[in-house]
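Working notes for the structure below.
What follows is calculated from the coordinates using simple rules that are stated; it is not laboratory data. Just so you know, these numbers come straight off a predicted model, no measurement behind them. Quick reminder, even Gly has a Cβ in these numbers, built from the backbone with ideal geometry, and neighbours come from all protein chains shown.
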Amino acid sequence: MKGIVFTEFMEMVEARFGLQTLDRIIGQAHLLNDGAYTAVGTYDHQELVQLVVALSAATQVPVPDLIKAFGQHLFGRFVLSYPRLFEGVDSAFAFLRSIDHHIHVEVRKLYPDAELPSFSYEGLGPDNLVMLYQSRRPFADLAEGLILGCIEHYGEAIELRREDLESGANNRSRFILTRRL
């Protein structure tokens, strides 16, 4: 997993829970590198899981809720850090439909060794979108948070529902988005 995910997670923890909490969870997570991450490095995704579990223990916030909140935070950071990815995109549905054929192409230019999830689409319509998420890593909660961040960014009234289809070596979830009229 790319280091930018780790550095952004650390920034979110410090901003929302304080530097003392960040220091405490780094110690409690028993990380091989003692929490020293660079944005361009590549790290085992299990380290992020360890950090989130430690944060959950410190804050009593459930792990899925923390990961979704991080996804929302991360989307906001992407908007600020990579504004050209959003140029000419005027809606959440338009952005979400462009993930695999535009956004992930651009991410691979920046980070050629990035292991990204894939998205395919079952239903496309003006008021609904069904996205199928697939990844070797168990981060459907992160994907859900990113989708929620996207909806929030575009300020649209969209209901999001998630169905988990498979977990383990191949994680798959279905995200059903419906525009509220």
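Going by alpha carbons, how many degrees (0 to 90, nearest 10) lie between the helix axis of 45-59 and the longest principal axis of the chain?
It works out to around 80 degrees.
Search the structure for amide H atoms under 5 Å from the amide H of L165, placed 1.01 Å from N in the peptide plane, and list their residues when 5 or more places away or on another chain.
Excluding prolines and chain starts, which carry no amide H, the hits are R172, S173, R174.
For the stretch 92-181, max minus min Cα coordinate along each principal axis, in Å, sorted largest first?
So the extents along the principal axes, rounded to whole Å, are 41, 29, 20.
What number, rounded to the nearest 500 deg cm²/dmol, is the helix-based mean residue ellipticity at 222 nm of the chain, given -39500 (n - 2.57) per DSSP H run of at least four residues and division by all its residues? It would help to have the intermediate numbers written out before the result.
Numbers: 7 runs with 88 residues, N = 181.
Using -39500 (n - 2.57) per qualifying helix, the result is -15500 deg cm²/dmol.
Helix 3-17 against the longest principal axis of the chain: what's the angle in degrees, Cα atoms only, rounded to the nearest 10?
Its long axis makes an angle of about 80 degrees.
Which of Y154, Q28, V63 sits farthest toward the positive end of the charge dipole of the chain, with +1 on the Cβ of Lys and Arg and -1 on the Cβ of Asp and Glu?
Checked the options; the winner is Y154.
Mind putting a number on the dipole of the stretch 3-61 about its Cα centre? Charges go on the C-beta only, +1 for Lys and Arg and -1 for Asp and Glu, and I need it in Debye to the nearest 20.
Details: 2 positive and 7 negative charges, 34 e Å.
So the magnitude is around 160 debye.
With +1 assigned to the C-beta of every Lys and Arg and -1 to the C-beta of every Asp and Glu, and no other charges, what is the dipole magnitude of the stretch 69-179 about the Cα centre in debye, to the nearest 20?
Details: 12 positive and 16 negative charges, 47 e Å.
Here the stretch 69-179 has a charge dipole of around 220 debye.
Explain nothing, just the number: dipole magnitude of the stretch 1-138 about its Cα centre with +1 on each Lys and Arg Cβ and -1 on each Asp and Glu Cβ, in debye rounded to the nearest 20.
Numbers: 11 positive and 16 negative charges, 7 e Å.
So the dipole magnitude of the stretch 1-138 works out to roughly 40 debye.
Any idea what angle helix 140-154 forms with the longest principal axis of the chain, computed on alpha-carbon atoms, 0 to 90 degrees, nearest 10?
Orientation of helix 140-154: about 60 degrees from the principal axis.
Take the alpha carbon atoms of the stretch 137-181, find their center, do the same for the stretch 1-43, and report the distance between the two centers in whole angstrom.
24
Would you kindly calculate the mean projected area, averaged across all directions, of the convex hull enclosing the Cα atoms of the stretch 3-61, in square nanometres? Working shown, then result.
Working: hull surface 13.8 nm².
Mean projected area of the Cα convex hull: 3.5 nm².
Measure off 7 Å from each Cα along the Cα-to-Cβ vector at Q20 and A57, then give the distance between these two points in nanometres to one decimal.
Label at Q20, label at A57, 1.9 nm between them.
Using r as the Cβ-Cβ distance of L110 and A36, and R0 as 30 Å, what FRET efficiency do you calculate, to the nearest 0.05?
On the way: r = 22 Å, r/R0 = 0.72.
Once the sixth-power term is evaluated, E becomes 0.90.
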